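J.: Quick one: the structure is below, and I'll ask about it shortly.
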Amino acid sequence: MTAAPAVQGQILDPFEAFAGVLPRHGALAGLDFGSKTIGVAISDSLRTVATPRETVRRKKFSSDSERLMALFSGASVTGIVLGLPRNMDGSEGPRCQSTRAFARNLAAVLALPIGFWDERLSTVAAERALLEADTSRARRAEVIDHVAASYILQGALDRLRHLGDQL
């Protein structure tokens, strides 16, 4: 008896390469990967609006990836946008390295294309929006990661729309 073929996603960098392999329609997931949590946002199938979904409390990769797969399959996700936490000067530090390692692990268990999006200041923007909405400190702590994921995903959706307009 032969083993089943391994499920393998693609990691595509730069973003234009990721855009090139996506089907024309279908939801995308945005992830804000952190040391303790993973913020998750999911778009509509026409890729116009990113909606914050959930903050996954990290445990071990297998349980984290199972939860992500459940969220993705329920929303018919066709690709993943993973926030890349570059330094303010554009360089990549240890946080980028751990994000890229997470992407490699995720690609090994998910047959979805994965693209990176520069997430500089996404958490700052999410925090500002929550403050403007007069969200309590406790509530901000609960939702900040998946709101930041929606900022990451919305930036990618806007770029995809721009790339489509150029064709």
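Where a number appears in this text, it was derived from the coordinates with a stated rule and is not lab data. This is a predicted model, so every value here is computed, not measured. So basically every Cβ, Gly included, is an ideal-geometry build from the backbone, and we count neighbours across all protein chains shown.
J.: Given the residues ASN105, ASN87, which is the only one that is surrounded by fewer than 15 Cβ atoms within 10 Å (Cβ to Cβ), more than 16 Å from LEU28 (Cα to Cα) and in contact with a Gly (Cβ under 6 Å, 6 or more places away or on another chain)?
T.: Working: ASN105 fails: in contact with a Gly (Cβ under 6 Å, 6 or more places away or on another chain).
Criteria check complete, one pass: ASN87.
J.: Can you name every residue in segment 123-154 that is crowded, with 20+ Cβ neighbours inside 10 Å, of a type in the set (Gly, Ala, Ser) and more than 11 Å from the chain's Cα centre (by Cα)? If you could, list the steps in order and put the result at the bottom.
T.: Start the filter on segment 123-154 by keeping residues that are crowded, with 20+ Cβ neighbours inside 10 Å, which leaves 123, 126, 144-154.
After this cut, where a residue has to be of a type in the set (Gly, Ala, Ser) as well, the list is 126, 148-150.
Passing the criteria: only ALA126.
J.: Let me ask something else about it. Looking at segment 64-86, which of its residues are closer than 17 Å to PHE116 by Cα and touching a strand residue (DSSP E or B) at 6+ places or on another chain (Cβ under 6 Å)?
T.: Result: VAL77, GLY79, ILE80, VAL81, LEU82, GLY83, LEU84, ARG86.
J.: Still on this structure: Within segment 42-70, take every residue that is in contact with a Gly (Cβ under 7 Å, 6 or more places away or on another chain) and under 15 Å from ASP145 (Cβ atoms) and give me the one that is surrounded by the most Cβ atoms within 10 Å (Cβ to Cβ).
T.: Of everything passing the filter in segment 42-70, ALA50 is surrounded by the most Cβ atoms within 10 Å (Cβ to Cβ).
J.: Looking at segment 89-122 only, could you name the residues that are over 13 Å from the mean Cα position of the chain (by Cα) and either outside any helix (DSSP H, G or I) or of a type in the set (Asp, Glu) (or both)?
T.: Answer for segment 89-122, where residues must be over 13 Å from the mean Cα position of the chain (by Cα) and either outside any helix (DSSP H, G or I) or of a type in the set (Asp, Glu) (or both): ASP89, GLY90, SER91, GLU92, GLY93, LEU110, ALA111, ARG120, LEU121.
J.: Starting from segment 151-165, take each residue that is at positive phi and list its partners that are surrounded by fewer than 21 Cβ atoms within 10 Å (Cβ to Cβ), counting only C-beta distances under 8 angstrom and pairs at least six apart or across chains.
T.: Filtered contacts from segment 151-165: no entries.
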